[in-house]
Amino acid sequence: MSSSSSSRGRSPAARLTVNGVDHEVALRPDRHLLYVLREELGLTGTKYGCGEGECGACKVLLDGVAVRACQTPLGEAVGHSVTTIEGLAHGEELHPVQRAFLEAGAFQCGFCTPGMIMAAAALLARNPHPTDAEVRAGLDGNLCRCGGYLRILDAVERASRPPPTRGGKR
Amino acid sequence: MSPSPPKVVPFDLLPPTQRPYFDRFGNGLVVVLAAQGPGPSGWGAGGPPHGGAWIHIGEDGKARAFTGKVEVGQGTRTALSLVVADELRLPLSAVELTMGDTDVCPWDMGTFGSRSMPDAAQHLRLTGTAARDVLLRLAADHLGVGPGEVELVDGRARPRGKPASSAVAYGEVVKGLRRIDLVPPNTQPEPPSRWTVAGHPSPDVGSRDVVTGARRYTSDLHLPGMLHGKVLFPPTSGAKLRQVDLGPARAIPGVVAVHEGELVAVAAPTLLSAIAAVKAIRAEWEAVDQPSEREVVDYLRSHPAEGEDFWDVLHHKAGDVEAAFTRAPLSLRATYTTAYIAHAPLETHAVLAAWEEGRLTVRMGTQTPFRARDALSDALGLPPASVHVIVPPTGSGFGGKHAAELALAAARLAKAAERPVRVVYSREEEFSHAYLRPMAVIDVRSAAEKDGTLTAWEFHVLNAGSAAARPPYRVPNQKVDNQPTESPFDQGSYRALAATANNFARESHLDELAARVGADPVDFRLRQLADDRLADVLRAVARRAGWASRPSSGAARKEGTGRGIAVGLEKGGRVATFAEVRVAEDRRLEVERIVTGYECGAIVHPSNLRSQVEGGTVMALGGALFEAIHFDRGRLLNPKFSEYRVPRFRDIPAIEVLLLDRPDLPSQGGGETPLIAVAPAVANAIFDATGQRLRSLPLTPDGTVP
């Protein structure tokens with residue numbers, strides 16, 4: 001590994017689009033997407049859990065597809081649209097998966113929640129009405145050490161239901 | 001440099017009536033429950049006074065409550081807030097609970113042992129009761145009526161029976177006051193039958209930040225000028241540092257390196273440069289002799305240690321065990337073991353340390369903030385008042401976050417660098433250098449009448465701890481002891497650690513005895529249980545599970561399915577777990593269904609308790625089925641999630657939770673005891689399915705039944 005600051009001048013700059021905002025970042029081989037999001041852009045909603053792509057705490061969307069940011073070289077994210085947990089809601093209006101997690105009380109310590117929500121959002125975008133087995137398979141790369149899997153399944157099931165009609169709400 | 005007297009004195013170091021409550025939190029009313037001896041649970045006897053609580057009711061009408069307990073995901077922030085809201089007749093949103101901040105909270109020994117509900121909740125409830133009484137009197141004066149004629153509803157006081165328009169808000173009642181009351185002795189809190197907020201469905205406090213990613217855990221925090229720290233660890237457990245050269249690390253721009261006592265560590269402007277710097281250190285280590293995995297049972301047997309802390313030595317004797325064995329028509333002997341396992345909290349250990357004018361502020365995910373403060377002040381030669389520990393939201397603990405070593409490393413680095421330093425373990429460091437749940441070896445010998453009625457019980461525990469070592473069954477002659485041992489690895493607390501091991505041994509052994517005499521496992525237990533509450537839970541679970549009375553199969557069942565049951569009584573909670581398994585023709589094990597019944601007195605926060613029981617069941621399945629640290633002579637061999645298997649979605653069976661509410665009984669914790677009957681229930685179900693008796697946890701490390 002080259003030492004940290006000596007290569008600064010030589011690093012090519014690249015444009016990284018995160019949550020609709022363009023950032024100029026140094027394109028260096030030792031920086032994966034997670035590092036840049038957390039350490040350089042201050043987007044700490046995306047979590048470090050293992051660094052080897054086993055826990056899913058760092059999942060973000062790359063053009064709408066869930067990827068593990070700790071396994072994504074920065075170069076692979078450049079030129080694509082990155083969405084993190086901070087960019088999932090529309091202003092104050094939560095994404096249906098975020099709402100469902102709240103309603104189901106689908107977290108304990110909450111540390112796995114951002115990655116879990118991103119994985120579930122990507123799953124539902126691809127398959128709006130998954131079976132229980134499809135949800136389990138789709139989220140199997142995400143760990144919850146508090147063991148809150150049943151509540152998470154409940155949340156994803158809630159989010160996959162058709163939205164309630166607004167008739168009663170005037 | 002001699003430390004100058006600190007400007008800030010933590011509240012717990014001042015007498016209750018001399019703390020600057022109002023300078024910190026504004027005018028209002030403060031009611032204080034002074035630090036206590038041991039809490040209602042009896043824990044902490046002989047230690048410093050601890051616990052207690054205080055509540056400040058401000059001109060904004062909010063109640064600020066303070067407890068030394070912390071929230072690490074177990075849900076006590078909401079549960080304890082509900083208690084305060086309940087006593088003060090406030091909506092939950094008007095309660096702000098500060099937890100584990102050593103500058104303003106009561107001294108507390110730590111958040112472990114399922115003490116938050118029996119101790120902290122009780123202290124907050126007493127304080128809330130007393131505060132309500134003072135509020136009533138103040139409101140009566142304000143309204144010009146007698147105290148008996150005032151009622152408190154939803155944060156407002158009004159003359160009884162008068163319209164809401166005549167009500168006055170609490171903030172108005174306490175306006176301009178700087179009044180401190182102590183909780184009078186003999187204060188009687190509300191019985192659970194009169195709870196209006198607690199015991200009812202409630203949302204959790206602060207949830208929105210969790211789903212938006214706005215919640216900041218310690219590992220997310222950043223201060224201006226902050227450096228990233230890394231600690232140099234020995235390559236094998238216990239290895240001694242012989243020589244170290246920090247030169248190559250210091251040659252990296254911006255790197256600060258320290259070597260103080262046992263500590264070798266670096267800090268650097270970026271995490272990547274800190275990693276490069278710690279790798280650049282040249283160190284020579286001298287390994288110490290450590291057992292291999294194959295030798296470890298013998299090692300534990302031959303290395304007894306002095307008891308300390310919860311590694312207590314237990315010697316319990318009743319009746320005449322030897323005589324009973326001589327007389328008994330039936331006896332059974334077996335040894336059970338549990339493996340070293342890791343807590344693996346999803347947020348690894350994280351600390352952010354910063355010095356300001358000789359005072360240290362440490363933000364850290366810890367279950368023991370006051371012990372950390374005291375350990376840091378000792379190690380750094382500072383008065384306790386010069387150390388401030390704050391506990392930000394923490395990505396779980398499970399008993400694994402009790403140590404202060406990493407905080408000391410961060411503090412020393414921050415001092416040397418004269419900048420804030422954050423140290424966050426990598427996953428590999430977390431597995432390798434956070435302490436482990438101890439391995440246990442348990443020798444059991446039982447004697448019984450021909451029908452299986454127990455006459456003698458000998459239970460010798462090595463290294464697990466004494467929790468739940470004594471049987472909840474009627475046995476006239478007993479010898480139960482716990483012998484702590486040396487350990488090749490740092491070992492420590494873990495969610496329900498001793499009770500899990502001891503319950504596994506006892507409930508497996510009971511099942512072996514039941515099978516020997518051809519008894520149904522549920523009837524066998526009901527016949528001999530000494531605790532009616534536990535028997536109630538067992539009956540409820542058997543009913544829900546559709547248990548049909550028959551002895552456990554002594555041979556493989558044709559369909560490959562089996563069912564097992566186990567019970568446990570620990571920390572005031574009663575649990576029974578039913579497990580149904582299928583063993584396929586290729587010997588693959590599938591746990592198909594779990595029913596867990598739990599009773600812990602009056603339920604304070606029902607949905608959270610259910611969540612704890614569900615999560616605890618999942619966590620217990622990991623330790624029951626496949627979790628194990630592998631090692632060779634002091635080196636951990638599987639310090640990664642790709643090599644250390646924890647429960648995933650694919651492992652989760654149908655789980656049904658039965659909560660038995662007992663509003664007539666004091667509330668106990670729910671974070672630990674629900675785990676302790678899972679492993680034996682599964683082991684007993686495997687026996688029922690196959691006739692194979694598995695006596696070591698994990699039961700099926702490679703997923704198959706041998």
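Just so you know, all these numbers are worked out from the coordinates, no wet-lab data involved. The shown structure was predicted, so the numbers you read here are calculated from the model rather than taken from an experiment. Please note: Cβ atoms are built from the backbone with ideal geometry, for glycine as well, and neighbour counts cover all protein chains shown.
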**Fill in**
Between the alpha carbon centres of the stretch B:179-252 and the stretch B:619-663 the gap in Å comes to 23 Å
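Among residues other than B:GLY601 whose Cβ falls under 15 Å from its Cβ, what is the net charge (Lys/Arg +1, Asp/Glu -1)?
Net charge in that neighbourhood comes out at -4.
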**Request:** Return the average number of partner chain Cβ atoms within 10 angstrom of each residue Cβ along peptide B:606-613.
**Result:** 3
**Asked** At a Förster distance of 30 Å, what's the computed FRET efficiency of B:LYS640 paired with B:THR704, Cβ-Cβ distance as r, to 0.05?
**Response** 0.85
**Item:** Gap separating the Cα centres of the stretch B:277-327 and the stretch B:520-590, nearest whole Å
**Value:** 32 Å
**Message:** Looking at the calculated P(r) for the protein assembly as shown, what percent of the C-alpha pair distances fall above 46 Å?
**Reply:** 28 percent
**Asked** What FRET efficiency, computed as 1/(1 + (r/R0)^6) with R0 = 45 Å and r the Cβ-Cβ distance, is obtained for B:HIS142 and B:ARG216, rounded to the nearest 0.05?
**Response** 0.65
**Request:** Give the angle, between 0 and 90 degrees and rounded to the nearest 10, that separates the Cα long axis of helix A:149-160 from the longest principal axis of the Cα atoms of chain A.
**Result:** 80 degrees
**Fill in**
When B:ARG582, B:ARG533 are ranked with the fewest other C-beta atoms within 10 Å first, the list becomes B:ARG582, B:ARG533
**Asked** Going highest first, how would you order B:661-671, B:626-636 by mean Cβ packing within 10 Å?
**Response** B:661-671, B:626-636
**Item:** Sorted by Cβ density within 10 Å, fewest first, the residues A:SER160, B:SER166, B:SER219
**Value:** B:SER166, A:SER160, B:SER219
**Prompt:** Other chains' Cβ within 10 Å of A:87-95 residues: what's the mean?
**Reply:** 2
**Request:** Work out how much length B:LEU332 to B:ARG194 would gain on full extension: take 0.36 nm times their residue separation and subtract the Cα-Cα distance, in nm to one decimal.
**Result:** 44.7 nm
**Request:** Please report, in Å, the Rg and the Dmax of the stretch B:367-512, where both are computed over Cα atoms only.
**Result:** 21.3, 74
**Prompt:** On full extension of the chain, what length is gained from B:ASP378 through B:GLU260, given 0.36 nm per residue of separation minus the C-alpha to C-alpha distance?
**Reply:** 41.0 nm
**Contour excess over end-to-end distance, with Cα ends at B:GLU486 and B:ASP154 and 0.36 nm allotted per residue** = 113.9 nm
**Request:** Using the Kirkwood radius over Cα pairs, work out the Stokes-Einstein diffusion coefficient for the stretch B:571-706 at 25 °C and 0.890 mPa s, in µm²/s as a whole number.
**Result:** 154 µm²/s
**Request:** Take every DSSP beta bridge whose two residues both sit in chain B, then give the antiparallel share in percent to the nearest 5.
**Result:** 75 percent
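Within a Cβ distance under 14 Å of A:GLU92, other residues only, what is the Lys/Arg minus Asp/Glu net charge?
For residues surrounding A:GLU92, the net value is -1.
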**Fill in**
GluC sites (Glu not before Pro) in the stretch A:1-109 lying in a DSSP loop, each with at most 13 other Cβ atoms within 10 Å of its Cβ, come to A:GLU92
**Fill in**
Other residues with Cβ under 14 Å from the Cβ of A:GLU103 give, with Lys and Arg +1 and Asp and Glu -1, a net charge of +2
**Request:** For the stretch B:356-412, give the magnitude of the charge dipole about the Cα centre (Cβ charges: +1 Lys/Arg, -1 Asp/Glu; no others), in debye to the nearest 20.
**Result:** 140 debye
**Message:** Using the Cα centre of the stretch B:213-337 as origin and beta-carbon charges of +1 (Lys, Arg) and -1 (Asp, Glu), tell me which of B:GLY307, B:SER237, B:GLY254 is placed farthest towards the positive end of the dipole.
**Reply:** B:GLY254
**Asked** Can you give the Rg to Rh ratio of chain B, both from alpha-carbon atoms, with Rh computed by the Kirkwood formula?
**Response** 1.00
**Prompt:** Non-local amide H neighbours of B:VAL70 (under 5 Å, H modeled in plane, Pro and chain starts lacking H): which ones?
**Reply:** B:THR111
**Message:** Quick check on the exposure proxy: order B:SER207, B:SER642, B:SER193 from fewest to most C-beta atoms within 10 angstrom.
**Reply:** B:SER193, B:SER642, B:SER207
**Request:** Please work out the C-alpha center-to-center distance from the stretch A:101-131 to the stretch B:445-466 and express it in whole Å.
**Result:** 47 Å
**Request:** Summarise the partner chain shielding of A:42-53 as one whole number: the mean count of Cβ atoms from other chains within 10 Å of each residue's Cβ.
**Result:** 6
**Complete:** Computed over the stretch A:1-138, the convex hull of the Cα set has an average projected area, in nm², of 9.1 nm²
